[in-house]
Amino acid sequence: MPSGFLARYLRYSERMEIYGPDLGMPHTRAMHDGLLELRLKAAEGIVRVFYCTLIGKRIVILHQFTKKTSKTPRRELEKAHRRMKEVKYVDT
């Protein structure tokens, strides 16, 4: 991940530790079925990081990708959902 994205990611991660996993728009967005999206924008472009929460205030990063179109590709969303199901299945 380029340094501009990494700096923003670390800043928002710290905020999530303090304020919780949903920082609201434009920083985070709830997708559906418990999947959340961290929205990072820097000089290098746009990155989306999908994550979910588990019992015990744990935030699990599932998948990240560089956004190249205005719409989130279905393949990226499906990958995040699949990983979320795996993580939640193992956690229970």
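Using Cβ point charges alone (K and R +1, D and E -1), the dipole size of the chain about the Cα centre works out to roughly 320 debye.
Working note: 222 nm ellipticity from helices only, DSSP H runs with n ≥ 4, each -39,500 (n - 2.57), summed and divided by the residues of the chain, gives -13000 deg cm²/dmol to the nearest 500. Beyond 13 Å, the tail of the calculated P(r) for the range 1-52 holds 55 percent of the Cα pairs. Bridging of residue 79 to aspartates and glutamates at a Cα separation below 20 Å is possible for 33, 37, 91, once same-chain residues fewer than 8 apart are set aside. GNM, the chain, Cα, under 10 Å: largest mean-square fluctuation among 58, 75, 48? Judging by the Gaussian network model, the answer is 75.
Reported value for the chain: 95 Å³ per residue, from the convex hull of its C-alpha atoms. Listed by chain and number, the lysines whose alpha-carbon sits under 21 Å from that of residue 85, ignoring those within fewer than 8 places in the same chain, are 57. The heavy atoms of residue 16 present about 10 square angstrom of accessible area, all protein chains included, probe 1.4 Å.
The values are calculated or read from the model by the stated rules, or taken from the named source; none is laboratory data. The structure displayed is predicted, hence computed values, not measured ones. Note that we place each Cβ from the backbone using ideal geometry, even for glycine, and neighbour counts take in every protein chain shown. The accessibility values were calculated without ligands, DNA or RNA, using every heavy atom of the protein model including side chains. Shrake-Rupley method; radii C 1.70, N 1.55, O 1.52, S 1.80 Å.
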